[in-house]
Amino acid sequence: WAKLRARAARQPPRSAAPAKLLVVVEGKHDIEFLRRISRTLHDDDPCLPALSELERCGRLVFVPFGGGDVVAWADRLAGVQQHELHLYDRELPPETAVRERAAAIVNARPGCRAFVTGKRALENYLSPQAIYEARGLQLCFSDDDPVADLAAQGEWLNAARQPAWELLPARARKRLRERAKRWLNTRAAERMTVERIDQCDPQGEIRLWLETIARLAR
């Protein structure tokens, strides 16, 4: 016990100050995507933040709310009185309107900013080349396609498994989709070069998100 107390005394004190910015996203896979893409862009342009570094120095905390009622999260953290950045997947109508309404609520609050992705989800910002290099899977998809579902189905078909994809229980398809989201937002995201990011995001949405995070986290 005495040794433990002595060891604790040698540890540098941790700051009790709260993070300057809360980044509210829908799930853990979004966090993995943003960490990796921000690192790639930061290495090319140091003016853009590497989000993992902001996390380490206590300037940023990710808050994954796990889906559900997006509008309820638009002001749920107001009592914390910290800057917030919310990032919502656009999805498809009528869900798009719900997310735009939530973003409008956030943007009406001082020190807070919200974005709705121009594409259906963050996986839509991945290039087919990065996906192929990550998993050997050739996918063609548009901005509105459910990329994780297509990846899960493609892997199932490539493995020639039974039963047919359409006959799988919904629970099994959901599990495979979750597995696909995991490697899409990690292994495929790690293979996104600056050139691929610019090609898949010609409007510069990702750079705008990162610029806004840097400003709010100061």
request  = Please give the direction-averaged projected area of the C-alpha convex hull for segment 17-142, in square nanometres with one decimal.
outcome  = 8.9 nm²
note = Residue-ordered couplings for segment 45-55, obtained by feeding phi - 60° into the Karplus form 6.51 cos²θ - 1.76 cosθ + 1.60 and rounding to whole Hz (Gly and Pro as x), are 9, x, 5, 8, x, 8, 5, 5, 5, 5, 5
task = Can you tell me the alpha carbon radius of gyration of segment 68-120 divided by the globular rule-of-thumb value 2.2 N^0.38 Å?
result = 1.08
message = Just to be sure I follow the rule: in the chain, considering lysines 8 or more places apart or on different chains, how many pairs have Cα atoms under 28 Å apart?
response = 6
note = Checked segment 161-218 against the a/c 1.5 cut and the a/b vs b/c comparison, axes a ≥ b ≥ c from its Cα gyration tensor; verdict prolate
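Please give the direction-averaged projected area of the C-alpha convex hull for the chain, in square nanometres with one decimal.
Details: hull surface 63.8 nm².
That works out to 15.9 nm².
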ask   = What residue among F65, N107, L137 has its Cα farthest toward the positive end of the dipole of the chain, where the charges are +1 on Lys, Arg and -1 on Asp, Glu, each on the Cβ?
value = F65
note = Protection proxy (average C-beta count within 10 Å per residue), highest first, orders 36-45, 20-29 as 20-29, 36-45
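Report the Stokes-Einstein translational diffusion coefficient (µm² s⁻¹, integer) for segment 92-218, Rh taken as the Kirkwood radius over Cα pairs, at 20 °C with viscosity 1.002 mPa s. Present the calculation step by step, with values, prior to reporting the outcome.
Values: Rh = 16.4 Å.
Rounded to a whole number, D works out at 131 µm²/s.
Since every read-out is calculated from the coordinates, none of them should be taken as a lab result. Values in this document were obtained by computation on a predicted structure and should not be read as measured data. Cβ atoms come from the backbone with ideal geometry, glycine included; neighbour counts cover every protein chain shown.
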